[in-house]
Amino acid sequence: MGLSMSGAALRAGVLELIVLGGHILMYPTGMRQERPTAARTAADSGSGTGSGSGSGSGSGTAPTTATTTAGPGADASGAAATAPPALLLHGFTDNRSVFVLLRRALGAGGRRQVETYNYSPFTLDLRVTARRLADRVEELCERTGQDRVDLVGHSLGGLIGRYYVQRLGGDARVRTLVTLGTPHCGTGVAPFMDAHPLVRQMRRDSEVMAELRAPAPGCRTRCVAFWSEFDALMDPIETARIEHPDLIAENVHVTGIGHLALPAHPTVIAAVRRTLDGPGPVAVRHSGTASVA
């Protein structure tokens, strides 16, 4: 068992280095805020020859078990053409380039409008960014003619999305919030970085974490949190799970994938796409658990 775990950890570490190298090369391409585009329908995008299906046909370093059931008719016609737009939120010191593969997969076949939100690298308070996110969501809804959106956040981006949903009334606009390696309960990693206000806000004893632990009765957004035992930035590992009695939450365990690889791995990309293509909010309010193992 120990040898098996060490082998899996080694593979996850190698994958992290590969993803890091690729991301360093792509990083300059995502430094500028993208220009908003008009809404596209399935008819506008034609058959969508699937250059970005990005689904679980990749190298398969993480074997999978179904976590979310795919909805019927998830193609370029029917329900997919009316899917809410998706807005992607990057993590700390990152930018939209981290979502190149995920964005392509989510928008394949014209199933939905997919956009990214670059918040400033000089951000000092995630609550301020969450308020700006609220304005961005309103603009996206007005431009696309939709009254709901889906949010996908990596790391700190997931916390920003959750704060908007839970504390700023964003549940009226957000159908589904997906988080990838987000420290929902705070993380103790890298104590030497506590000089940065954003890092302090990600500590368990911060004001932000206290606000997110507060009651949130009637929150309407479905929350799906992906977490991995090889996520080196989560301390403890389980902090990437959503544990809140008032939230409609599902925790998805990912095996063999580290923090940086979460938004780029084909296994996770396929699971996120199934989550957004599937049915609306689950019927029972509890923090359930599934696995992509």
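Laboratory data are not the source of any read-out in this text; all were calculated from the coordinates shown. Keep in mind that what you see is a predicted model, and the values were worked out from it rather than measured. Because the Cβ atoms are built from the backbone with ideal geometry, glycine has one as well, and the counts that use them run over all protein chains shown.
Laid out as a table, the results:
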| item | result |
| --- | --- |
| Computed magnitude of the charge dipole of segment 125-169 (debye, nearest 20; Cβ of K, R +1, Cβ of D, E -1) | 200 |
| Inter-centroid distance (Cα atoms) of segment 106-128 relative to segment 210-264, Å | 18 |
| Three-way shape label, segment 134-215, alpha-carbon gyration tensor, a/c 1.5 | prolate |
| Distance (nanometres) between label positions extended 7 Å along Cα→Cβ at Leu17 and Thr29 | 2.4 |
| Rounded, prolate or oblate (a/c below 1.5 giving rounded, otherwise prolate when a/b exceeds b/c) for segment 173-237 by Cα gyration tensor | oblate |
| Cα-based radius of gyration of segment 114-261 once divided by 2.2 N^0.38 Å, which approximates compact folds | 1.00 |
| Anisotropy class of segment 202-277 from Cα gyration tensor, a/c 1.5 cut | oblate |
| Computed lengthening from Arg131 to Ser206, 0.36 nm per intervening residue step minus Cα-Cα distance | 25.1 nm |
| Residue order, fewest to most beta carbons within 10 Å, for Cys141, Cys223 | Cys141, Cys223 |
| Fewest-first ranking of Met193, Met26, using other Cβ atoms within 10 Å as the exposure measure | Met193, Met26 |
| Contour excess over end-to-end distance, with Cα ends at Ala195 and Asp235 and 0.36 nm allotted per residue | 12.6 nm |
| As computed over segment 124-172, the Cα convex hull volume per residue (Å³) | 66 |
| Thr93, Thr179 arranged by Cβ crowding within 10 Å, fewest neighbours leading | Thr93, Thr179 |
| Counted charge near Glu34, where neighbours are those whose Cβ lies closer than 11 Å (Asp, Glu -1; Lys, Arg +1) | +3 |
